[in-house]
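Some notes on the structure that comes next.
Taken together, the values in this text are just the output of simple stated rules run on the coordinates, not laboratory data. The shown structure was predicted, so the numbers you read here are calculated from the model rather than taken from an experiment. Don't worry about glycine lacking a Cβ; one is built from the backbone with ideal geometry, like all the others, and counts go over all protein chains shown.
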Number of protein chains: 2
Amino acid sequence: MSVTAPAISSFLPPQRTLMGPGPSDVPQRILDAMARPTIGHLDPAFTDMMEQTKTLLRYAFQTANKLTFPVSGPGSVGMETCFVNLVEPGDKVIVCGNGVFGGRMLENVKRCGGVPVLVEDAWGRAVDAAKVEAAFASHPDAKILAFVHAETSTGAQSDAAALAAIARKHGALTIMDCVTSLGGTPVLIDDWSIDAAYSGSQKCLSCTPGLSPVTFSERAIEKVRARKTPVQSWFMDLNLVLGYWSGEGKRTYHHTAPINPLYGLHEALVMLAEEGIENAWARHRAMHEELKHGLEGMGLSFLVPAEERLPQLNSVILPEGIDDAACRARLLNEFNLEIGAGLGALAGKIWRIGLMGASASRKNVATCLKAVATVLPA
Amino acid sequence: MSVTAPAISSFLPPQRTLMGPGPSDVPQRILDAMARPTIGHLDPAFTDMMEQTKTLLRYAFQTANKLTFPVSGPGSVGMETCFVNLVEPGDKVIVCGNGVFGGRMLENVKRCGGVPVLVEDAWGRAVDAAKVEAAFASHPDAKILAFVHAETSTGAQSDAAALAAIARKHGALTIMDCVTSLGGTPVLIDDWSIDAAYSGSQKCLSCTPGLSPVTFSERAIEKVRARKTPVQSWFMDLNLVLGYWSGEGKRTYHHTAPINPLYGLHEALVMLAEEGIENAWARHRAMHEELKHGLEGMGLSFLVPAEERLPQLNSVILPEGIDDAACRARLLNEFNLEIGAGLGALAGKIWRIGLMGASASRKNVATCLKAVATVLPA
């Protein structure tokens, strides 16, 4: 015994308004759900809830894919689950890079022993479908196309339907990051023929961070089953996870699921179904229009061209001479308002204002416009 | 749009008494903490809480290790984090197998490209130190010794101090699974010179599942820094995670931490510090004695010899002719009591009765004894 008990008391977080790139505001209904009594991960009541969660996620993803479930980890684990299962050593993967998260996909491909082919677009722009077409022309042996539907680092949205169609034409599978789009703008897995997609719980679903909804097509599962090498991750190996989440026959123990966060996700998805996903998309769009109107009235402009812009993540160009960090600190300290900073080359140059899930509300837009008008010099 | 909104309502879990191998009962104080308002993962208030959590975990692990933090995933991710960072392709690893979780360590070593040397003991027994000594004699080039301190599948506890000393003598690092021991029986990372250890939030810490406390010695970090090959997992790469959890200089974004579950873990650790860890160990021991007295009074016996027995996980041999599943269903349905089944070769032969964290209470012992007496034929 060498370490004595530290004198630390319970943590009482401040009440913020969350308008960064996630987490977004978590409604009281979801917080209350997470505080319900913990039960076992093999309890029949819990496995019933798992089945409901899968059904609700199929609605959110607009898919009939049987293999649709929340990975027990943040979006980065959902991402890695897609790559470690679908990319075998030597597989050529076309990766679209137009922000931080495309870069992370590239890193994943390398660590799986894949051979990445990078298609680059400017940060703040959508992926250029013509460049992807050209990449397939130069690399007809590419087995996978990986792209980010909604780049959280810039607020640009790419044409997922067009990109997936190109991959399909060339016989490649698609992996899509829809972390920031799911629940905020249309994500139509089946209509677009996406083979693997991952999202996060803390964006437009308005739940606590830490869970990553994923979905896989039959073609994707076939590729996993036909692998010649084992999946390098034990935890993420879909062959093992399937036994736990499949709901077919005997449910085999794989890992202990995060019970209470899953109560929260279930509640968030029930709320989405109650609102209707098309209504949720319309709400995100309407709140974006209100915010845009206000910000443009202050003379601010957007990083992303209007037709490529995500309504739920607004990248605003900072006026010259503004002290980024000092302004955001004032927003936090004087208004309890969190907005996002720029990442990488965009650090100090943009703000990212999120309107995701419950944060896409008239009240939040008004709070944000008032606060921003106060801290920015007229 | 092809999938219509399912008619699913909020999930209201039953109130169970959790006496399986985890999750254990989560106190209301911890459930309440998880329902506090979500804040951002880069909010100064949150990063202060992260630092407190690290301090509290150092107390739980009895270590001064700087790199001590909760991995954003279940215990299996904590396990894999240890292996993918410390095992380089070609590294010889002595793995002690005396239950399910030693087997999972072996699988991890293989998937990292390591060369495992398996030291086997019977399920239900502690690891035999003499066999480990012999393994090092045959494999003097072994770089790592991996063992499970408290086998969750059997309830056997091994002599971690003795095993770590053998590894030390042979210049090898140690990886220790203390998922079921942390907070329940002594885990003395520094006194024992353990280099890497992982645990879970849902056992003797009595928090919701989904977080895995880990700790790494300076020697372990040196091995990670000296790697010739990149860590195969992007999410688990300690070189990247360090930038987020280190608290040194600028905190770089790595992934979005699971905010509300971390509120819960913080509260659980505050409660452990309030009780005093030695008092917590004594409570687990005392409740085990009460339970044992009652079970032996019914004529039941234990799988594990007394001197190798974990107080917090009691593997009881089922009398001949008992219908295991039917009895456990009665416990659940008539008494709202969850206990654990046997795994692998022990399925149908033992019950695993947990007394972990808040479940190690006089009330739970009484509930369990009454329920078991009711369902077992006299």
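General observations
- Relative counts (whole %) of C-alpha pair distances in the protein assembly as shown, using bins that are 10 Å wide: 3, 15, 24, 26, 19, 9, 3, 0, 0
- Using a Gaussian network model of chain A in which every pair of alpha carbons under 10 angstrom is joined by a spring, one finds that among A:A135, A:A150, A:A197 the greatest mean-square fluctuation is at A:A135.
- 3J(HN,Hα) along region B:334-346, derived from phi through the Karplus expression 6.51 cos²θ - 1.76 cosθ + 1.60 where θ = phi - 60°, amounts to 8, 10, 6, 10, 9, 10, x, 7, x, 10, x, 5, 8 Hz, with x in place of Gly and Pro.
- Taking the number of Cβ atoms within 10 Å of each Cβ as an exposure proxy, the fewest-first ranking of B:K131, A:K228 is A:K228, B:K131.
- Ordered by the number of other Cβ atoms lying within 10 Å of each residue's own Cβ, fewest first, A:T374, A:T53 fall into the sequence A:T374, A:T53.
- Per residue of A:184-193, other chain Cβ atoms within 10 Å of the residue Cβ number 1 on average.
- Sorted from closest to farthest, the other copies place their A:R225 label points 4.8 nm away, with each point set 7 Å from Cα along Cα→Cβ.
- Less than 5 angstrom separates the built amide H of A:V117 from those of A:V93, A:I94, A:V95, all sequence-distant by 5 or more or on a different chain.
- In chain B, helical runs assigned H by DSSP with n ≥ 4 each contribute -39500 (n - 2.57); averaged across all residues and rounded to the nearest 500, the mean residue ellipticity at 222 nm is -12500 deg cm²/dmol.
- Within a straight-line Cα-Cα reach of under 19 Å, A:K349 can be paired with the following lysines, leaving aside sequence neighbours fewer than 8 residues apart in one chain: A:K292, B:K250.
- Peptide B:44-53 - average C-beta neighbours from other chains (10 Å radius): 3
- Pairs of lysines in region B:1-159 whose Cα atoms sit within less than 23 Å of one another amount to 8, provided the residues are eight or more positions apart or on different chains.
- Taking label points 7 Å from Cα along the Cα-to-Cβ direction, A:A161 and A:R330 give a separation of 4.4 nm.
- A:S217, B:S9, A:S315 arranged by Cβ crowding within 10 Å, fewest neighbours leading: B:S9, A:S217, A:S315
- The distance between label points at A:D32 and A:T374 comes to 3.0 nm (points 7 Å beyond Cα on the Cα→Cβ vector).
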